[in-house]
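J.: Pasting in a structure now, in structure tokens, and then I'll have a few things to ask.
The values are calculated or read from the model by the stated rules, or taken from the named source; none is laboratory data. Just so it is clear, the structure is predicted and the values come from calculations on it, not from any experiment. Neighbour counts run over all protein chains shown; Cβ positions are idealised from the backbone, glycine included.
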Amino acid sequence: MPHALIARSPLVPEITPVRIYYREIGKGIPLVFLHGGWGYDVYPFSRQAEEFESDFRVIIPDRSGYGRSSRMESFPTDFHRRAADEMRELLESLDIKRPALWGHSDGAVIAAMMALERPELYSAIILEAFHFYRVKPGSRQFFETMASDPLGLGERVSNALARDHGDDYWQRLIVNNGRAWLKIAEESPHDKHDLYDGRLAEVAVPTLFIHGSRDPRTEPGELDAVRSQLPRATIHVIDGGGHSPHSERASAAECNRVAAAFLGEIRLGD
């Protein structure tokens with residue numbers, strides 16, 4: 001498996017250089033998948049890699065703290081912004097020009113922040129299972145389980161996390177991620193404070209949202225708030241889809257179809 005070294009990362013400022021592992025398949029236009037807060041193996045991108053490898057160079061990094069990349073001892077509450085900086089540095093180190101970004105969950109937050117800060121660097125973004133609000137009361141118990149009892153997530157999830165991040169480390173990773181989300185809510189000045197400090201409307205690259213209608217991490221009104229911020233973006237809701245339409249058996253084909261149509265339009269535009 002290939003890896004890259006970047007001089008520094010705000011996620012792990014005490015480490016230099018920072019070692020980032022990534023998966024790569026296919027050739028063509030670069031398509032970068034940014035995983036969520038549990039890492040890659042729980043919600044793998046394998047169906048998409050197989051679908052798109054003939055036309056796209058699919059790149060799937062483990063950001064710091066995950067998989068085979070440098071480990072993190074704690075998560076600051078601005079970890080999304082720090083990860084956006086790290087991923088931009090990684091893409092520059094790999095000489096990847098104007099990729100499309102596909103972010104899932106925490107990765108969708110990171111992709112949006114990357115596009116906000118340097119829109120000229122990216123051809124398009126796909127935001128799946130997107131988080132908008134900082135305060136997510138419907139997910140509080142879920143984050144508390146992560147922060148205090150990661151084994152309570154279930155055997156299947158625990159086994160995948162251990163396989164991805166190591167038996168000696170995965171619980172610390174999940175605890176720290178859960179604590180960060182709880183602290184993000186605690187530090188928010190009001191319930192509708194968003195993760196982008198009111199700037200989401202400034203996203204200037206072509207944007208597709210893919211969302212499951214039964215995503216348990218979505219707050220009431222959250223998608224409506226996103227629509228009001230980005231009325232020109234396409235929001236595709238997959239009926240019956242959960243938190244990871246791309247990896248769910250019942251929704252993966254529809255997810256691929258919608259993403260392929262969107263990416264095809266971007267290619268024609270280039």
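J.: Of all residues in the stretch 117-129 being assigned to a helix (DSSP H, G or I) and among the acidic types (D, E), which is farthest from E86 (Cα to Cα)?
T.: That would be E120.
J.: Go through the stretch 199-234 and count every residue that is of a type in the set (A, V, I, L, M) and not in a helix (DSSP H, G or I).
T.: Count: 7.
J.: Are there any pairs with C-beta distances below 9 angstrom linking a residue in the stretch 145-169 that is touching a residue at least 24 places away in the same chain (Cβ under 8 Å) to a residue that is of a type in the set (G, A, S) and surrounded by fewer than 15 Cβ atoms within 10 Å (Cβ to Cβ), with the two at least 6 apart or on different chains, and if so which?
T.: Sorted first by the residue in the stretch 145-169, then by its partner, the pairs are T145/G152; M146/G152.
J.: Take the conditions assigned to a strand (DSSP E or B), touching a residue at least 60 places away in the same chain (Cβ under 8 Å), in contact with an Asp or Glu (Cβ under 9 Å, 6 or more places away or on another chain) and not polar (S, T, N, Q) and apply them to H246. Does it pass?
T.: no
J.: Then there is this: Return the only residue of V203, V258, V175 being within 17 Å of the chain's Cα centre (by Cα) and at pLDDT 95 or above.
T.: Of V203, V258, V175, the one residue that is within 17 Å of the chain's Cα centre (by Cα) and at pLDDT 95 or above is V203.
J.: Working only within the stretch 133-178, note down all residues that are among the charged types (D, E, K, R) and buried (at least 19 other Cβ atoms within 10 Å of the Cβ). Spell out how you get there, then give the answer.
T.: To start, the set of residues in the stretch 133-178 that are among the charged types (D, E, K, R) comprises 134, 136, 140, 144, 149, 155-156, 163-164, 167-168, 172.
Those that are among the charged types (D, E, K, R) and buried (at least 19 other Cβ atoms within 10 Å of the Cβ): R134, K136, D164.
J.: Any residue at all in the stretch 124-132 that is surrounded by fewer than 21 Cβ atoms within 10 Å (Cβ to Cβ) and at pLDDT 95 or above? Steps first, answer last, please.
T.: We begin by selecting, within the stretch 124-132, every residue surrounded by fewer than 21 Cβ atoms within 10 Å (Cβ to Cβ); these are none.
No - not one qualifying residue is present in the stretch 124-132.
J.: Does L268 meet the test of being out of contact with any Leu (no Cβ under 8 Å at 6 or more places or on another chain), part of a helix (DSSP H, G or I) and either modelled with pLDDT of 95 or more or within 25 Å of F79 (Cα to Cα) (or both)? Quick ask: steps written out before the conclusion?
T.: Values: out of contact with any Leu (no Cβ under 8 Å at 6 or more places or on another chain): yes; part of a helix (DSSP H, G or I): yes; either modelled with pLDDT of 95 or more or within 25 Å of F79 (Cα to Cα) (or both): no.
It is false that L268 is out of contact with any Leu (no Cβ under 8 Å at 6 or more places or on another chain), part of a helix (DSSP H, G or I) and either modelled with pLDDT of 95 or more or within 25 Å of F79 (Cα to Cα) (or both).
J.: Under 7 Å by Cβ, and 6 or more places apart or on different chains, what pairs join a residue from the stretch 10-25 that is touching a residue at least 12 places away in the same chain (Cβ under 8 Å) and farther than 17 Å from I96 by Cα with one that is of a type in the set (A, V, I, L, M) and not in a strand (DSSP E or B)?
T.: Here the result reads L11/M72; L11/A83; V12/M72; P17/A7; V18/V12, each pair linking the stretch 10-25 to a residue that is of a type in the set (A, V, I, L, M) and not in a strand (DSSP E or B).
J.: Related question: Checking the conditions here, which among I235, I210 is out of contact with any Cys (no Cβ under 9 Å at 6 or more places or on another chain) and among the β-branched types (V, I, T)? If you could, list the steps in order and put the result at the bottom.
T.: Values: I210 fails: out of contact with any Cys (no Cβ under 9 Å at 6 or more places or on another chain).
The match here is I235.
J.: Let me ask something additional. In the set V135, V109, which member is under 18 Å from D194 (Cβ atoms) and over 16 Å from the mean Cα position of the chain (by Cα)?
T.: Just a single option satisfies the conditions, and that option is V135.
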